Number of protein chains: 2
Amino acid sequence: MNQLRIGLSQLNLRVGDIKGNTKNIKENIKKAESLGVDILCFPELSITGYPPEDLLLKPKFINDNIKALREICKYKTSLIVIVGFVDKKDDIYNAAAIIQNNKIVDIYHKSYLPNYGVFDENRYFQIGKRIPVYQFGHIKFGVTICEDIWYPGDPIQTKVLVGKAQIIFNLSSSPYFVGKPEIRERMLRTRARDYNSIICFCNLVGGQDELVFDGNSMIIDERGHLLSKGRSFEEDLIISDVNAEKVFRSRLHDPRTRKKIYKLSFDDSSLENIALSSSSATKTKKKKSIKPRKIEKLTEKDEIFNALVLGTRDYIKKNGFKKVVLGLSGGIDSSLCLVIAIEAIGKSNVIGVLMPSIYSSKGSVDDSILISENLGIKNLKIPIEDIYKSYIDTLSETFSGTKQNVTEENLQARIRGNILMALSNKFGWLVLTTGNKSEISVGYTTLYGDMAGGFAILKDVPKTLVYELSKFYNEKKEKKVIPDTVLNKPPSAELRPDQKDIDTLPEYHVLDRILKAYVEEDLSMDEIVLMGENKNIVRKILKMVDLNEYKRRQSPPGIKITSRAFGKDRRFPITNLYKQ
Amino acid sequence: MNQLRIGLSQLNLRVGDIKGNTKNIKENIKKAESLGVDILCFPELSITGYPPEDLLLKPKFINDNIKALREICKYKTSLIVIVGFVDKKDDIYNAAAIIQNNKIVDIYHKSYLPNYGVFDENRYFQIGKRIPVYQFGHIKFGVTICEDIWYPGDPIQTKVLVGKAQIIFNLSSSPYFVGKPEIRERMLRTRARDYNSIICFCNLVGGQDELVFDGNSMIIDERGHLLSKGRSFEEDLIISDVNAEKVFRSRLHDPRTRKKIYKLSFDDSSLENIALSSSSATKTKKKKSIKPRKIEKLTEKDEIFNALVLGTRDYIKKNGFKKVVLGLSGGIDSSLCLVIAIEAIGKSNVIGVLMPSIYSSKGSVDDSILISENLGIKNLKIPIEDIYKSYIDTLSETFSGTKQNVTEENLQARIRGNILMALSNKFGWLVLTTGNKSEISVGYTTLYGDMAGGFAILKDVPKTLVYELSKFYNEKKEKKVIPDTVLNKPPSAELRPDQKDIDTLPEYHVLDRILKAYVEEDLSMDEIVLMGENKNIVRKILKMVDLNEYKRRQSPPGIKITSRAFGKDRRFPITNLYKQ
């Protein structure tokens, strides 16, 4: 037996939902069994969801997850199941259980614990040091967890070159950012060739607070060819037949396997060989053949749009909300947010609110109405003039002798925030905020005003990308859902007469270039100027970014789509006297 | 020469302020020199401030810090200076430079990197593996950084038992929580006896976002006696003469030094001996004798109160604010906040605002006025009734057919938040929020309402402790600054007629017991019930804590005073389906 049917359960597992995840896992085992799968693999920390964060500091949570593993173990099946969970020994480990015949045959512990960017795994887990290889009939396979496969060398190297594993499973919860699916696929295909191995990569899918997991699980043969690939941004069961004999043939050409000649530093002693029962393996099963599936390839815009839709949908639904509400200003940001919200949960669940003030142009109001009509949603119109006047009257004595300034602008934004929150409180709707990454970077948003809400869809989407996504959406729908007037008008907060964003900010394509260099790439002022930017503008922008850390610290979560998002990914002090 | 004069510069160094910190360090070297100090030690990461967080991911920041080290190095002095900085070699290290005669004699790298609680040092630093000991005349000393000294064993063990170091310096940025100064002193005195060594512990002082560093630097002799101790919560220069001959005598009784007999596992090979110039050491200096200083011991309440005052003052001043504003409700929380703010920056810089509604009792208004008079501050009175009415009118159509509920309560709280923010915008005052830890735990605060502001003084102070601190303050001042009526009335948000906190919450002493068990100690529901609490109440409270994570994620920073504060210390997912 050199032929094996592999299954990868790419599931939307939910953080903390140990019962629900266990049920989902068992149902998938049943489904895979009916399709003749021999070995079925689930994502990293399948039982707890990822990342469980400080839930991992609760002993009861760990125990509940182990009980769930036992329950999965009891489930009658002829499959070998590989499932992610938190192991508890002398310490806790990010682990994978290899289950066969209602027994845990072995437990693998993740070796590389990421502790950068959004990851904090050193905060919780002990490092795994064992390097086991599993023998199943004539086939040998190894198991790795996420980060383990991102580096050449061990733990894969010893498994393959010493242990002769032909198949490497990888349980992942690998979050999305723009371009990551491609980087990941390239790496995995390289890794397959690096080690003449079949790689079975099973990724999580779904939104979890700031993160979106994109799925894109894949089975790759020893020459780096994709045998099968899971869908992006949705649940999937990926199945493929693999042939270990081909791996053997391919390795006859690999000089590293002749280690007596090359004297590489393999530590043979760290390898453990663990035998699985081969009863099921030796049986010659009659299986229906698996039709090769067309492998989809998303464009970058499609990818980002899908990430935003899934991240938004999962935040809403996993937190128990049915409907959302957002303010419509007639601008591009709220238009795109509206579109995404509707894609996420349907037009009947999305409420747009127009809250015009004396500074709102007729165009803005008309545009908000037009886009609502285009999308077929009802909207509410709640003018804020009377409330604004009552604030001004109430504060007139205190403010006497002062000039009108940003105070009055913020008052309007905060009245709108207060109205949206009142609608949320009264009707149980989740408030979506509409600010984009460019504005949030420089503080061109009002704390408790347009920043008030539960989820910030565009928190990591720069303004120039907001335009591109809006155009992309219109093209996809083959009609001008987002009207040209919205796409073409100069951005404005409309909080004072004739206000335009470019009164105080550079053009957005310049701003976004500077912000990418500073926020995402940590370049210094001088380095950014060397890129050809104006020094005074750069200095001003960098200062604005630093000064507005206090606002971002109080902003709602939003979906990470760049390599460096605000939130857990970029941890800056508020009190910070460093001058760039 | 066996006698040495040690100095510890317990400074309030500021995150990112490389220039300011460098200046402060040089001035302290000068001062210490005039007092005849031989070796002067500064806190951990003295040059950058602590914790610099993601500033450490900016190469220019690292380079600027190294330039500052060179500048300190150039400063003419006969002292040996030990200063904390970020070293850049193949990677970056949390490091201490040992400087003598304008040369960096050696650089020590921190071995234990904390990555729990509020700490993220694995995110940034490489682990130090060298174990150097420095010879200065007849005296040998070792250098450690913060966490290094919190564990028995290496790196101290090899330095002392193999390297024969008589003095161990420890550069720290060890943050405060209740009882930490005592725990730390006990540990350090034990460590001194453990290794028959003189311990010189130099701690940072000052507030940095959520953290307060309490100072309490100390010099301890080889028998665990305090020779000198720095002040709590303020800058200080601690000086003491130490005698290495006594250490030698004491070690004649230590069986571990006869390692041929006991065969302990010291790794002699990892030790490096580094000689310093002994020219200054061999000179017989005439020095003025140092008068032993009275060692103060704060009560727990004094300690907490000082931590809150320093944390508040430093947040205000380091962020460039001169004045603060806060809402006065006539309740205990805003009264205590007012008192702390005044202690922090003086009564002329604190503005209290009364914002009565139709539900505000006459007592509350009178109490707010009384406490303002007691403290000699001016206050503003801005009634919110008209604004509230304009909201209700504006929303009447949208809300028609609905019942009055929490929406209307939150509206009032948010109007107040909006007014305070308007005052902040107009006059540049920082808004202080007044919610306590008990309320914030269960979400008994309004997002964008009473949670609106820049700094939350009582964020980590449970309600029962709010009462204790208020009484403590009155006793200290020997008058009823906070009136009895405030101390004795049942807590109420006064957002609807006759509302009392105990309508929806258990008594605060019960609530705080449950919250401590759940939030600080991670006990499960069953474990808390076993403590003797009512199961239904426990279930309800735990659910409230979990559900309100989204609010806390948007709350302003506040001062950590317990072993587990909200913020960086307790990292919970918002989307969390775990049922306790």
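Taking B:S173 as meeting all but one of (1) under 23 Å from B:K560 (Cα atoms); (2) out of contact with any Leu (no Cβ under 7 Å at 6 or more places or on another chain); (3) not β-branched (V, I, T), write down the number of the exception. It is condition (2) that B:S173 fails.
Table: residues versus (1) buried (at least 22 other Cβ atoms within 10 Å of the Cβ); (2) more than 10 Å from chain A (Cβ to nearest Cβ).
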| residue | (1), (2) |
| --- | --- |
| B:K381 | no, no |
| B:I387 | yes, no |
| B:S424 | yes, no |
| B:I440 | yes, yes |
| B:D450 | yes, yes |
| B:I457 | yes, yes |
| B:D460 | yes, yes |
| B:K471 | no, yes |
| B:V481 | no, yes |
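Give A:K489, A:K471 a once-over and let me know the one that is modelled with pLDDT of 95 or more and either in contact with a Cys (Cβ under 9 Å, 6 or more places away or on another chain) or among the basic types (K, R) (or both).
Unique residue meeting the criteria: A:K471.
Of the residues making up the range A:451-486, those that are acidic (D, E) and over 23 Å from the mean Cα position of the chain (by Cα) are A:E475, A:E478, A:D484.
Would you point out the residue of the range A:1-27, among those that are basic (K, R) and more than 9 Å from chain B (Cβ to nearest Cβ), that is nearest to B:I574 (Cα to Cα)? The extreme case among them is A:K23. Only one of the numbered conditions (1) outside any helix (DSSP H, G or I); (2) open to solvent by less than 10 Å² (accessible area, probe 1.4 Å) is violated by B:G36, and that is (2).
Could you list, in sequence order, the residues of the range B:127-160 that are of a type outside the set (F, W, Y), under 13 Å from B:S197 (Cβ atoms) and open to solvent by less than 10 Å² (accessible area, probe 1.4 Å)?
The answer is B:V133, B:I139, B:G142, B:V143, B:T144, B:I149, B:P155, B:I156, B:T158, B:K159, B:V160.
Candidates in the range A:391-402 are the residues that are within 9 Å of another protein chain (Cβ to nearest Cβ) and within 24 Å of A:T445 (Cβ to Cβ); of these, the one that is surrounded by the fewest Cβ atoms within 10 Å (Cβ to Cβ) is A:T402.
Somewhere in the range B:338-351, is a residue free of Cβ contacts under 8 Å to residues at least 40 places away in the same chain and within 14 Å of chain A (Cβ to nearest Cβ)? There is no residue in the range B:338-351 that is free of Cβ contacts under 8 Å to residues at least 40 places away in the same chain and within 14 Å of chain A (Cβ to nearest Cβ).
In the range B:321-337, is there at least one residue being in contact with a helix residue (DSSP H, G or I) (Cβ under 6 Å, 6 or more places away or on another chain) and within 12 Å of another protein chain (Cβ to nearest Cβ)? Yes; the residues of the range B:321-337 include at least one that is in contact with a helix residue (DSSP H, G or I) (Cβ under 6 Å, 6 or more places away or on another chain) and within 12 Å of another protein chain (Cβ to nearest Cβ). Only residues in the range A:391-416 that are at negative phi and touching a residue at least 40 places away in the same chain (Cβ under 8 Å) count as the first member; pair them with residues that are open to solvent by less than 10 Å² (accessible area, probe 1.4 Å) and aliphatic (A, V, I, L, M), Cβ under 6 angstrom, at least 6 apart or cross-chain, and list the lot. The qualifying pairs are A:I415/A:I384; A:I415/A:I387. The set of residues in the range B:510-519 that are open to solvent by less than 20 Å² (accessible area, probe 1.4 Å), hydrophobic (A, V, I, L, M, F, W, C) and either without any contact (Cβ under 8 Å) to a residue 40 or more places away in the chain or under 13 Å from B:Q580 (Cβ atoms) (or both) comprises B:I514, B:A517, B:V519. Taking the criterion of being within 14 Å of chain B (Cβ to nearest Cβ) and either open to solvent by 10 Å² or more (accessible area, probe 1.4 Å) or of a type in the set (F, W, Y) (or both), the residues of the range A:61-89 that qualify are A:F61, A:N63, A:D64, A:K67.
With the condition kept exactly as written, say whether any residue in the range A:410-423 is within 21 Å of A:T312 (Cα to Cα) and in contact with a Ser or Thr (Cβ under 8 Å, 6 or more places away or on another chain).
Yes; the residues of the range A:410-423 include at least one that is within 21 Å of A:T312 (Cα to Cα) and in contact with a Ser or Thr (Cβ under 8 Å, 6 or more places away or on another chain).
Condition check ((1) modelled with pLDDT of 95 or more; (2) within 29 Å of B:V519 (Cα to Cα); (3) touching a strand residue (DSSP E or B) at 6+ places or on another chain (Cβ under 8 Å); (4) β-branched (V, I, T)) across all residues:
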| site | (1), (2), (3), (4) |
| --- | --- |
| B:I392 | yes, no, no, yes |
| B:W429 | yes, no, yes, no |
| B:T433 | yes, yes, yes, yes |
| B:S441 | yes, yes, no, no |
| B:G449 | yes, yes, no, no |
| B:D460 | yes, yes, yes, no |
| B:Y467 | yes, yes, no, no |
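Looking for something away from chain A (no Cβ under 14 Å) and of a type outside the set (V, I, T) - is there at least one such residue anywhere in the range B:406-413? The answer is no; no qualifying residue exists. All conditions in (1) open to solvent by 10 Å² or more (accessible area, probe 1.4 Å); (2) farther than 30 Å from B:V212 by Cβ hold for B:Y124, with the sole exception of (2). Apart from one condition, B:S441 fits all of (1) assigned to a helix (DSSP H, G or I); (2) on the phi > 0 side of the Ramachandran plot; the exception is (2). Among the candidates A:I502, A:I537, A:I541, the residue that is under 30 Å from A:S361 (Cα atoms), more than 12 Å from every other protein chain (Cβ to nearest Cβ) and in contact with a Leu (Cβ under 7 Å, 6 or more places away or on another chain) is uniquely A:I541. Assessment of the range B:550-568 against the conditions (crowded, with 18+ Cβ neighbours inside 10 Å, assigned to a loop (DSSP other than H, G, I, E, B), among the charged types (D, E, K, R) and more than 9 Å from every other protein chain (Cβ to nearest Cβ)) yields at least one matching residue. For the range A:487-509, filtering for residues that are assigned to a helix (DSSP H, G or I) and buried (at least 17 other Cβ atoms within 10 Å of the Cβ) leaves 2. If I filter the range B:41-60 down to residues being in contact (Cβ under 8 Å) with a residue 40 or more places away in the chain and within 12 Å of chain A (Cβ to nearest Cβ), which single residue comes out as most open to solvent (accessible area, probe 1.4 Å)? If we take residues in the range B:41-60 being in contact (Cβ under 8 Å) with a residue 40 or more places away in the chain and within 12 Å of chain A (Cβ to nearest Cβ), then B:L57 is most open to solvent (accessible area, probe 1.4 Å). Looking at this structure, is B:G330 buried (at least 24 other Cβ atoms within 10 Å of the Cβ) and in contact (Cβ under 8 Å) with a residue 24 or more places away in the chain? So B:G330 fits the description; yes. Within the range A:370-379, the set of residues being exposed (fewer than 15 other Cβ atoms within 10 Å of the Cβ) and away from every other protein chain (no Cβ under 14 Å) comprises A:E373, A:G376.
Mind counting the residues in the range A:164-183 that are over 21 Å from the mean Cα position of the chain (by Cα), within 24 Å of A:D120 (Cα to Cα) and either assigned to a loop (DSSP other than H, G, I, E, B) or free of Cβ contacts under 8 Å to residues at least 24 places away in the same chain (or both)?
Going through the range A:164-183 one residue at a time, the tally reaches 0.
Note on the range B:520-539: residues that are assigned to a helix (DSSP H, G or I) and surrounded by fewer than 20 Cβ atoms within 10 Å (Cβ to Cβ) amount to 9.
The values are calculated or read from the model by the stated rules, or taken from the named source; none is laboratory data. Remember, it's a predicted structure, so these values are computed and weren't measured experimentally. Cβ sites come from the backbone with ideal geometry, for glycine too, and all protein chains shown count toward neighbours. Areas reflect the complete protein model, heavy atoms only, side chains present, ligands, DNA and RNA absent. Shrake-Rupley method; radii C 1.70, N 1.55, O 1.52, S 1.80 Å.
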